[in-house]
């Protein structure tokens, strides 16, 4: 099988060094495809040039190709079986025009809870959309979505054997949608230290919650990538997951990252059917489902209880489950197979 993994214009490299959800997912697909025995072409100029030593890198984007051009003929001559692309592209006319000339399947994962697809973007067979959670399946029901847990990888993020870590960790983009102040308050209630890992996207949010986020028990680490990012997760006793009441998590990378490192998760959600429910089980984490009408203090108390409960889980068993549940080759194989 020949697979083309397509980049897209953006501010992050492919694969990114730290933050970057869709970019990390595309890299995981490429790695998983190769591990599953497929041949892989990295399509687009965004892929790191250093990858040329080990990968076939073709700096061309389908949406930039002119009909009947030499570039189109060369692309068609490769005889791709599957293209994997960011979720916006099956609804982009310029991209789909070129794709229609290639006579291959396309698969993508829905990483946005609000993007609207065209009616003809997915048929559930030749063009397939994959969604993480029951609530995402429901939101994109007209696209014939297929349930699947997304896998995300960065460069040099192989997980060493799990250990029973210390302190707590929260990882993600720092803004109101991700609500790390709730994790900081839960840690404070437990008398525990917590590390905040990730880039600040909203300075106003940080100032609004400065009393909590700048408290003595909170350590700001900033954005990490590679072995440092893996170590930050692995060395924690619990990964604390939060988000805002109205936010819908489409394809969270952190569940796979934490479980593959062997770190249990304590998740605060505001309803059932979320990514946390899809990713976790009793052996890997605990979920506190808060009523969205309660205040932050009540929700933080519920999260603190979930943290205390998650801390008793077995790190080595969590890693065994995580490496199976979020295996890149398994993920690719699931997406490469046409539904019956």
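The values are calculated or read from the model by the stated rules, or taken from the named source; none is laboratory data. Note that the coordinates shown come from a computational prediction; the quantities given were computed from them, not determined experimentally. Cβ coordinates were reconstructed from backbone atoms using ideal geometry, including for glycine residues, and neighbour counts include every protein chain displayed.
Name the residues in the range 102-114 that are over 28 Å from residue 248 (Cα atoms) and loosely packed, with under 14 Cβ neighbours inside 10 Å, would you?
Keep residues of the range 102-114 that are over 28 Å from residue 248 (Cα atoms), which gives 102-105.
Selection gives 103 alone.
Go through (1) over 21 Å from residue 336 (Cα atoms); (2) touching a strand residue (DSSP E or B) at 6+ places or on another chain (Cβ under 9 Å); (3) surrounded by fewer than 19 Cβ atoms within 10 Å (Cβ to Cβ) one by one and return the number of the condition residue 175 breaks.
Result: residue 175 passes all but (3).
Take the residues of the range 56-77 that are assigned to a loop (DSSP other than H, G, I, E, B) and surrounded by fewer than 16 Cβ atoms within 10 Å (Cβ to Cβ): which is modelled with the lowest pLDDT?
So the first thing to find is which residues in the range 56-77 are assigned to a loop (DSSP other than H, G, I, E, B), and the list is 59-61, 65-69.
Going one step further and asking which of them are surrounded by fewer than 16 Cβ atoms within 10 Å (Cβ to Cβ), we end up with 59, 66-69.
On the way: 59: 94, 66: 94, 67: 93, 68: 90, 69: 94.
If we take residues in the range 56-77 being assigned to a loop (DSSP other than H, G, I, E, B) and surrounded by fewer than 16 Cβ atoms within 10 Å (Cβ to Cβ), then 68 is modelled with the lowest pLDDT.
Which one of these is in the same structural domain as residue 147 (by TED's automatic domain parsing), farther than 23 Å from residue 144 by Cα and within 25 Å of the chain's Cα centre (by Cα): 56, 106, 29, 85? If you could, list the steps in order and put the result at the bottom.
Values: 106 fails: farther than 23 Å from residue 144 by Cα; 29 fails: farther than 23 Å from residue 144 by Cα; 85 fails: farther than 23 Å from residue 144 by Cα.
Just one listed residue meets the conditions, 56.
Considering each residue of the range 287-300, count those that are in contact (Cβ under 8 Å) with a residue 12 or more places away in the chain, surrounded by fewer than 18 Cβ atoms within 10 Å (Cβ to Cβ) and in a helix (DSSP H, G or I), and give that number.
Total satisfying the criteria: 2.
Exactly one condition in (1) assigned to a loop (DSSP other than H, G, I, E, B); (2) farther than 19 Å from residue 224 by Cα is false for residue 106; which is it?
Only one criterion is unmet by residue 106, namely (1).
When the residues of the range 87-101 are narrowed to those that are more than 26 Å from residue 280 (Cβ to Cβ) and touching a residue at least 40 places away in the same chain (Cβ under 8 Å), which ends up surrounded by the most Cβ atoms within 10 Å (Cβ to Cβ)? I'd like the intermediate steps shown before the answer.
Let us first name the residues in the range 87-101 that are more than 26 Å from residue 280 (Cβ to Cβ), namely 88-101.
Still in the list and also touching a residue at least 40 places away in the same chain (Cβ under 8 Å): 88-89.
Numbers: 88: 16, 89: 20.
Result: 89.
Out of (1) modelled with pLDDT of 95 or more; (2) buried (at least 22 other Cβ atoms within 10 Å of the Cβ), the odd one out for residue 24 is which?
Of everything listed in (1) modelled with pLDDT of 95 or more; (2) buried (at least 22 other Cβ atoms within 10 Å of the Cβ), residue 24 misses just condition (1).
Mind checking which residues of the range 115-147 are part of a loop (DSSP other than H, G, I, E, B) and surrounded by fewer than 19 Cβ atoms within 10 Å (Cβ to Cβ)?
115, 116, 117, 118, 119, 120, 123, 124, 125, 126, 144
Name every residue in the range 275-286 that is closer than 16 Å to residue 182 by Cβ and either outside the structural domain of residue 183 (by TED's automatic domain parsing) or surrounded by fewer than 24 Cβ atoms within 10 Å (Cβ to Cβ) (or both), in order of residue number.
Of everything in the range 275-286, just one residue is closer than 16 Å to residue 182 by Cβ and either outside the structural domain of residue 183 (by TED's automatic domain parsing) or surrounded by fewer than 24 Cβ atoms within 10 Å (Cβ to Cβ) (or both), namely 286.
How about the range 150-172: which of its residues are buried (at least 21 other Cβ atoms within 10 Å of the Cβ), assigned to a loop (DSSP other than H, G, I, E, B) and touching a strand residue (DSSP E or B) at 6+ places or on another chain (Cβ under 7 Å)?
If the condition is that a residue be buried (at least 21 other Cβ atoms within 10 Å of the Cβ), assigned to a loop (DSSP other than H, G, I, E, B) and touching a strand residue (DSSP E or B) at 6+ places or on another chain (Cβ under 7 Å), then 150 is the only one that fits.
Just checking, does the range 301-316 include any residue being over 22 Å from residue 166 (Cβ atoms), out of contact with any helix residue (DSSP H, G or I) (no Cβ under 9 Å at 6 or more places or on another chain), free of Cβ contacts under 8 Å to residues at least 60 places away in the same chain and outside any loop (DSSP other than H, G, I, E, B)? If you could, list the steps in order and put the result at the bottom.
From the range 301-316, those over 22 Å from residue 166 (Cβ atoms) are 301-302; that's our starting set.
Checking the rest, the ones that are also out of contact with any helix residue (DSSP H, G or I) (no Cβ under 9 Å at 6 or more places or on another chain) come to none.
Looking through the range 301-316, none of the residues is over 22 Å from residue 166 (Cβ atoms), out of contact with any helix residue (DSSP H, G or I) (no Cβ under 9 Å at 6 or more places or on another chain), free of Cβ contacts under 8 Å to residues at least 60 places away in the same chain and outside any loop (DSSP other than H, G, I, E, B).
Go through the range 32-53 and give me each residue that's assigned to a loop (DSSP other than H, G, I, E, B), over 25 Å from residue 97 (Cβ atoms) and either outside the structural domain of residue 112 (by TED's automatic domain parsing) or out of contact with any strand residue (DSSP E or B) (no Cβ under 7 Å at 6 or more places or on another chain) (or both). Please lay out each step first, then the result.
Of all residues in the range 32-53, those assigned to a loop (DSSP other than H, G, I, E, B) come to 36-38, 44-46, 48.
Retained after the next criterion (residues that are over 25 Å from residue 97 (Cβ atoms)): 36-38, 48.
Selection gives 36, 37.
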